[in-house]
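In what follows, a single structure is set out as structure tokens and then discussed.
Just so it is clear, none of the values below were taken in a lab; they were calculated from the coordinates. Note that this is a predicted model, so its numbers are computed, not measured. All Cβ positions, glycine included, derive from the backbone under ideal geometry; neighbour counts span all protein chains shown.
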Amino acid sequence: MTKQAFLDALKKRLRGLPKQDVEERLGFYSEMIDDRIEEGLTEEEAVSQLGSVEEVASQIIADIPLVKIVKEKIKVPRQIKGWEIVLLILGFPLWFPLLIAAFSVAVSLVAVLFSLVVVVWAVFASLVAMAGGGVVGGIILACTGNPLTGLLMIGAGVFCAGLSILTFYGALEATKGMGLFVKKSVLAVKKLFVKEAE
């Protein structure tokens, strides 16, 4: 792929983004290709080292804040006519509750997912507390004349310690998964705004 074909394809992919950001990114990649050509690569080799247009566009979209993309999308390119204002006002009893309901459902789903991660961490903390309490309580019981009960409590404490190790790794993975989910969700929303403009 030539430099110009790459830049044209990239510009097409970034059509829904703010114009200033698109121009900055196109200038950056143009300069990067020129630098690699100066280092002795052919134009096609320099372009191929950047990756595919889709990968580059996804990275650019991920780097631009969602608020900036939304602001660009909701800019009113013309004056709103009087009849459009009347329709917005008359439709308010219909569209506003629907908007609130959709927002509430989205917030509830995110809250449920975050609470699941919190629950896994709470289970981990309770297992650590049970392990410590079981071992300390078992030692106290063994020293005060109940060796069998003390050994059972120590065994239960060690068992809880083992479970807490497993739960720790599960909680860690759940936290990483939640972070990845949030990152991918934001990227998907950004791409929706960008695709609408194509």
Only one of (1) surrounded by 11 or more Cβ atoms within 10 Å (Cβ to Cβ); (2) among the aromatic types (Phe, Trp, Tyr); (3) closer than 22 Å to Val67 by Cβ does not apply to Phe103, and that is (1)
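Could we say that Leu187 is over 17 Å from the mean Cα position of the chain (by Cα) and part of a helix (DSSP H, G or I) here?
So Leu187 fails the test.
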Given the conditions (1) farther than 30 Å from Lys183 by Cα; (2) surrounded by 14 or more Cβ atoms within 10 Å (Cβ to Cβ); (3) in contact (Cβ under 8 Å) with a residue 12 or more places away in the chain, report the number of the one that Thr149 does not fulfil. (3)
Could you look through the range 155-171, keep only residues that are without any contact (Cβ under 8 Å) to a residue 12 or more places away in the chain and of a type outside the set (A, V, I, L, M, F, W, C), and pick out the one that is surrounded by the most Cβ atoms within 10 Å (Cβ to Cβ)? Gly162
The correct count of residues that are farther than 25 Å from Ala62 by Cβ and in a helix (DSSP H, G or I) in the range 25-51 is 5
Evaluation of Ile139 against (1) under 18 Å from Ala171 (Cα atoms); (2) surrounded by 14 or more Cβ atoms within 10 Å (Cβ to Cβ) (one fails), failing number: (1)
Evaluate the range 145-164: report whether one residue or more is of a type in the set (Gly, Ala, Ser), under 30 Å from Asp63 (Cα atoms) and assigned to a helix (DSSP H, G or I). no
